[in-house]
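S.K.: Take this structure first; my questions come after.
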Amino acid sequence: AWYVPCLASLETLQELCRKENLTCKSIGITNRSLKSYEVEYLCDYKVEEGKAYYLVKWKGWPESSNTWEPRKHLNCPLLLQNFLRDKKEYLSRVREGKALKVRNHVKALKPAIADYIVKKAKQRIALQRWKEELNRKKNHKAMILVENTVDLEGPPLDFYYINEYKPAPGINVLNGITTGCECADCPAEKCCPKEAGFILAYNKHKKLKIQPGLPIYECNSYCRCGPDCPNRIVQKGTPYSLCIFRTNNGRGWGVKTLQKIKTNSFVMEYVGEVITSEEAERRGQLYDNQGNTYLFDLDYDSDEFTVDAARYGNVSHFVNHSCDPNLQVFNVFIDNLDLRLPRIALFSTRTIKAGEELTFDYQMKGSIDLTSDSAEGLSPSKKRIRTVCKCGAVCCRGYLN
């Protein structure tokens, strides 16, 4: 399904809800805000007759209802702190690192400063709502945080969070598997990996023990073993709390871990729309012109299908490329044994510290590293605009594709 963003402004929706006596938590209209006044953020500042006043945006009320309130009427220390911090941040950027002298007796803010403070407040609210939406939609226990201390960019307008593949019409990502292992204690002689001709992918500590290029066969929904089976890792979802953050070097959004991740640990799954390679080629031309890279070829057995995470995806949508990554790609089979449609799992290649950015090599296709040299061998019709790499690694190849 294609979603169409609402064309009505937040202010229009708030006025409509208030007029019709309706509540809508997502735009700040609750039973409480219908009957009372709560400060949503502070917009401006002035001094009149020796008294300090703040322009208040009331939660659940349109901006046309903003009022000037004396400082003594405000019981919102955090919002006051945000206001002063945003003011200082704006002045710091304007002065480009010069010594900052903030006067304490300013009688009125310049319009540009007030405008920045309002935009920053709106961004803070939008990112908070986005964080809440992401955590409502995710199917794992770990938290997802959102952070932007770099610019005024808000949530992406055309991105929809999903937890599993979204197949295009005519593509079946579940092949109707009707059997599973009979193990009372996995792994046994006839456990899922061994039945597929491979070894169990995990050790007793639930860490990966196989080499890149080998597939992972996990126990499925028909297996006799329970949820604590040591061969059920990827299907449980991301076990670490992660933060989608704004990078400060022009790479857009990125993802960092909020917890230490040990070597060979499952971190996240790469999901999106499953489309044909022909459709991927068409979209790829468009994405290259936009400087975006979201296509992941499912080429474990063939190159028939591609995962497109541009509009539909999970946290992995925001993971940046690196020529020296800390995540490695593995093909996983659980409830679908179709070799053309593996699930894509990202595992840590080394210990990753809390606060460190997560990255993987965009040129990794399963076990195949499609280098820039091999890309030169493509036919002219398939050659695309080369995207400059900004990963900053010592071994950087210079381009994403």
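S.K.: Within the set of pairs 6+ apart or on separate chains, which have a first residue in region 172-197 that is more than 30 Å from THR276 (Cβ to Cβ), a second that is aliphatic (A, V, I, L, M), and C-beta atoms under 7 Å apart?
M.R.: Filtered contacts from region 172-197: PRO187/LEU200; CYS191/LEU200.
S.K.: On to the next question. From the list TYR287, TYR270, pick out the single residue that is surrounded by 18 or more Cβ atoms within 10 Å (Cβ to Cβ) and touching a residue at least 60 places away in the same chain (Cβ under 8 Å).
M.R.: The unique qualifying residue is TYR270.
S.K.: Another question, then. In this structure, is SER241 over 30 Å from TRP130 (Cα atoms) and open to solvent by 20 Å² or more (accessible area, probe 1.4 Å)?
M.R.: no
S.K.: Evaluate the following for ASN82: is it of a type in the set (S, T, N, Q), surrounded by 14 or more Cβ atoms within 10 Å (Cβ to Cβ) and either without any contact (Cβ under 8 Å) to a residue 60 or more places away in the chain or not in a helix (DSSP H, G or I) (or both)?
M.R.: Yes; evaluated as a whole, the condition is true for this residue.
S.K.: Checking the structure you have, find out if any residue of region 116-138 is outside any helix (DSSP H, G or I) and at pLDDT 95 or above.
M.R.: Yes, some residue in region 116-138 is outside any helix (DSSP H, G or I) and at pLDDT 95 or above.
S.K.: So for region 265-275 (the condition being over 14 Å from the mean Cα position of the chain (by Cα) and either more than 29 Å from THR178 (Cβ to Cβ) or not in a strand (DSSP E or B) (or both)), does at least one residue qualify?
M.R.: yes
S.K.: Out of all the residues in region 147-156, is one or more without any contact (Cβ under 8 Å) to a residue 40 or more places away in the chain, surrounded by 16 or more Cβ atoms within 10 Å (Cβ to Cβ) and closer than 29 Å to GLY250 by Cα?
M.R.: Yes, that holds for at least one residue.
S.K.: Taking the condition among the small types (Gly, Ala, Ser) and in a loop (DSSP other than H, G, I, E, B), does ALA280 pass?
M.R.: no
S.K.: When you scan region 9-27, do you find a residue that is in a strand (DSSP E or B) and out of contact with any strand residue (DSSP E or B) (no Cβ under 8 Å at 6 or more places or on another chain), even just one?
M.R.: Among the residues of region 9-27, at least one is in a strand (DSSP E or B) and out of contact with any strand residue (DSSP E or B) (no Cβ under 8 Å at 6 or more places or on another chain), which makes the answer yes.
S.K.: How many residues does region 177-211 hold that are surrounded by fewer than 13 Cβ atoms within 10 Å (Cβ to Cβ) and closer than 10 Å to PRO230 by Cα?
M.R.: Total meeting the criteria: 4.
S.K.: For residues that are part of a loop (DSSP other than H, G, I, E, B) and either basic (Lys, Arg) or open to solvent by 50 Å² or more (accessible area, probe 1.4 Å) (or both), tally how many sit in region 295-310.
M.R.: Adding up the residues that qualify gives 4.
S.K.: Might you let me know whether region 188-201 holds any residue that is part of a strand (DSSP E or B) and at pLDDT 95 or above?
M.R.: no
S.K.: With respect to VAL39, is the statement that it is β-branched (Val, Ile, Thr) and in contact (Cβ under 8 Å) with a residue 24 or more places away in the chain true?
M.R.: Yes.
S.K.: Another question about this same structure. I'm checking my understanding of the structure. Among residues of region 248-264 that are at pLDDT 95 or above and open to solvent by 10 Å² or more (accessible area, probe 1.4 Å), which one is nearest to the chain's Cα centre (by Cα)?
M.R.: By that ranking, first place goes to TRP253.
S.K.: Among the residues of region 51-62, what is the count of those that are outside any loop (DSSP other than H, G, I, E, B) and buried (at least 17 other Cβ atoms within 10 Å of the Cβ)?
M.R.: 6
S.K.: Looking at this structure, is ARG224 surrounded by fewer than 17 Cβ atoms within 10 Å (Cβ to Cβ) and assigned by the TED database to the domain that holds GLN259?
M.R.: For ARG224, the condition - surrounded by fewer than 17 Cβ atoms within 10 Å (Cβ to Cβ) and assigned by the TED database to the domain that holds GLN259 - is met.
S.K.: Just a yes or no: is a residue in region 6-29 assigned by the TED database to the domain that holds VAL118, polar (S, T, N, Q) and open to solvent by less than 40 Å² (accessible area, probe 1.4 Å)?
M.R.: No; the residues of region 6-29 include none that is assigned by the TED database to the domain that holds VAL118, polar (S, T, N, Q) and open to solvent by less than 40 Å² (accessible area, probe 1.4 Å).
S.K.: Mind listing just one residue for me: the one in region 71-115 that is modelled with pLDDT of 95 or more and acidic (Asp, Glu) and, of those, farthest from ASP151 (Cα to Cα)?
M.R.: By that ranking, first place goes to ASP115.
The values are calculated or read from the model by the stated rules, or taken from the named source; none is laboratory data. Values in this document were obtained by computation on a predicted structure and should not be read as measured data. Cβ sites come from the backbone with ideal geometry, for glycine too, and all protein chains shown count toward neighbours. Each accessible area value is taken on the protein alone, full model and side chains, heavy atoms only, with ligands, DNA and RNA left out. Shrake-Rupley method; radii C 1.70, N 1.55, O 1.52, S 1.80 Å.
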